[in-house]
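Worksheet: one structure, shown below.
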Amino acid sequence: MGKASRDKRDIYYRKAKEEGWRARSAFKLLQIDEEFNIFEGVKRVVDLCAAPGSWSQVLSRRLYLPSKLSPDVREGECPLIVAIDLQPMAPIEGVIQVQGDITNARTAEVVIRHFDGCKADLVVCDGAPDVTGLHDMDEFVQSQLILAGLTIVSHVLKVGGKYITKIFRGKDTSLLYTQLKLFFPVVTFAKPKSSRNSSIEAFAVCENYSPPPGFDPKDLHRLLEKVGSPSGMDDQDCSSGWLEGPNKVYIPFLACGDLSGYDSDRSYPLPKAADGGTYKSLDPVQAPIAPPYKRALELKKASCHGIQDLQGLAQDPQT
Ligand code: SAM
């Protein structure tokens, strides 16, 4: 698909470029905020799985920059934003970047160090594995990322804080909801208007972090497994079927963002160029600096040029 054609078919892709966002995902976080007011009073925030950085840009523009420009906020008192991703990303003002894996427990220690031992008011996670198209598989891998996010949350989020995480709706959604409810009395699944209806993506908005009394983050997985087994027994057959019938949970599900605003599943005509000429598509705001597909492109290029030692090239991570 050419850039102009994508501009026509994906209004949020076009708007992201016009407004200077690195990715159309920025609108999802903004629309979640419209509904849930997630930024109110936030002084420390963690952006998990942040690259290429449009959510971090939202955090910078909504939290850091207004404080920096305010005469009432002293130097060193601006909100702290820590962003983590496996991939490096281009710098964003007011955002501390950490290149790391959120499934590694040590990542939480790095965040805590940046916050000088204080806890975060908000953790957001837009993490997604490379989608295979096999829904069960994608949903499973996604749930592992959510649980990794929850592990970090259990170390870095203050009591009363919020956690926003991407989910994939599927057969285990009720189980995931019940697991999140162990820690947050208020959990809503939200579908921002900028997230396509055709996508199984939604976002869990978890409010008022309240871990169970005496909770030790070391026990997180044992606790979650208990929810996944009938009657909370560890050693019985674990299936989410028990969440059906009389045990069925009803999940609050909310569409958010201006419902009369742009529809992500619709095509919109392209605007006329200001000089009356043909429409010119804008370039993306920031190309990824080390995308995972870079190696594939290099290998393809090498094979086109007839380079024989493809195996050597594939094995050398620096190439
Ligand atoms: N919120 C981002 C934005 O607005 O620009 C987009 C995030 S993108 C949909 C998903 C990101 O998850 C990718 O950059 C990927 O590298 C990251 N990711 C996937 N698994 C991860 C892991 N285990 N640890 C850290 N990042 C991970």
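What do you reckon, is residue 24 closer than 30 Å to residue 107 by Cβ, within 13 Å of the ligand (Cβ to nearest atom) and of a type in the set (D, E, K, R)?
Values: closer than 30 Å to residue 107 by Cβ: yes; within 13 Å of the ligand (Cβ to nearest atom): yes; of a type in the set (D, E, K, R): yes.
The answer is yes for residue 24.
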The one condition in (1) within 16 Å of the ligand (Cβ to nearest atom); (2) farther than 22 Å from residue 207 by Cβ; (3) in a loop (DSSP other than H, G, I, E, B) that residue 38 fails to fulfil: (2)
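Kindly indicate whether residue 46 is within 20 Å of residue 110 (Cα to Cα), touching a Leu at 6+ places or on another chain (Cβ under 7 Å) and not basic (Lys, Arg).
Values: within 20 Å of residue 110 (Cα to Cα): yes; touching a Leu at 6+ places or on another chain (Cβ under 7 Å): no; not basic (Lys, Arg): yes.
No: the conditions fail for residue 46.
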Subset tally (residues that are assigned to a loop (DSSP other than H, G, I, E, B) and within 16 Å of the ligand (Cβ to nearest atom)) for the stretch 48-88: 8
Some residue of the stretch 19-33 being farther than 20 Å from residue 265 by Cβ, in contact with a strand residue (DSSP E or B) (Cβ under 7 Å, 6 or more places away or on another chain) and modelled with pLDDT of 95 or more: no
Subset of the stretch 128-145 [touching a helix residue (DSSP H, G or I) at 6+ places or on another chain (Cβ under 7 Å) and either within 15 Å of residue 107 (Cβ to Cβ) or of a type in the set (S, T, N, Q) (or both)]: 132, 143
Single unsatisfied condition, residue 29 versus (1) assigned to a loop (DSSP other than H, G, I, E, B); (2) within 12 Å of the ligand (Cβ to nearest atom): (1)
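Within the stretch 64-83, restricting attention to residues that are touching a helix residue (DSSP H, G or I) at 6+ places or on another chain (Cβ under 6 Å) and hydrophobic (A, V, I, L, M, F, W, C), which residue is surrounded by the fewest Cβ atoms within 10 Å (Cβ to Cβ)?
Within the stretch 64-83, the first condition is being touching a helix residue (DSSP H, G or I) at 6+ places or on another chain (Cβ under 6 Å), and the residues that meet it are 73, 78-79, 81-83.
Still in the running and hydrophobic (A, V, I, L, M, F, W, C): 73, 78, 81-83.
On the way: 73: 13, 78: 18, 81: 26, 82: 25, 83: 25.
Only one residue fits best here, namely 73.
Scan the stretch 99-133 for residues that are assigned to a strand (DSSP E or B) and near the ligand (Cβ under 9 Å from one of its atoms) and jot them down.
99, 124, 125
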Residue within the stretch 28-50 that is surrounded by fewer than 23 Cβ atoms within 10 Å (Cβ to Cβ), of a type in the set (Lys, Arg) and under 19 Å from residue 257 (Cα atoms) present: no
Close pairs (6 angstrom Cβ cut-off, 6 or more residues apart or separate chains): under 25 Å from residue 289 (Cβ atoms) and among the β-branched types (Val, Ile, Thr) in the stretch 72-89, in a strand (DSSP E or B) and near the ligand (Cβ under 10 Å from one of its atoms) anywhere: 84/48; 84/98
Extreme residue, surrounded by the fewest Cβ atoms within 10 Å (Cβ to Cβ), among residues of the stretch 93-133 that are more than 24 Å from residue 79 (Cβ to Cβ) and either under 15 Å from the mean Cα position of the chain (by Cα) or of a type in the set (Asp, Glu) (or both): 130
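Restricting to the stretch 151-166, name every residue that is within 19 Å of residue 56 (Cα to Cα), among the aliphatic types (A, V, I, L, M) and more than 11 Å from the ligand (Cβ to nearest atom). Steps first, answer last, please.
From the stretch 151-166, those within 19 Å of residue 56 (Cα to Cα) are 152-153, 156-157, 161-166; that's our starting set.
Narrowing the set further to residues that are among the aliphatic types (A, V, I, L, M) leaves 152-153, 156-157, 164.
Scanning the stretch 151-166 gives 153, 156, 157.
On the basis of being surrounded by 15 or more Cβ atoms within 10 Å (Cβ to Cβ) and on the phi > 0 side of the Ramachandran plot, does residue 53 make the cut? Write out each step before concluding.
On the way: surrounded by 15 or more Cβ atoms within 10 Å (Cβ to Cβ): yes; on the phi > 0 side of the Ramachandran plot: yes.
So residue 53 passes the test.
Taking the stretch 1-15 as the region of interest, how many residues are within 16 Å of the ligand (Cβ to nearest atom) and over 19 Å from residue 201 (Cα atoms)?
Within the stretch 1-15, the first condition is being within 16 Å of the ligand (Cβ to nearest atom), and the residues that meet it are 10, 12-13, 15.
Subsequent filtering for residues that are over 19 Å from residue 201 (Cα atoms) retains 15.
Looking only at that region, the number is 1.
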Cβ pairs under 8 Å, 6+ apart, first in the stretch 156-181 and at positive phi, second surrounded by fewer than 24 Cβ atoms within 10 Å (Cβ to Cβ) and hydroxyl-bearing (Ser, Thr, Tyr): 160/209; 160/210
Helices (runs of 4 or more DSSP H) completely within the stretch 134-231 that count 2 or more residues being loosely packed, with under 14 Cβ neighbours inside 10 Å: 135-156, 220-228
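The values are calculated or read from the model by the stated rules, or taken from the named source; none is laboratory data. Quantities reported herein were computed from a predicted structural model and do not represent experimental measurements. Positions of Cβ are backbone-derived with ideal geometry, glycine not excepted, and every protein chain shown enters the neighbour counts.
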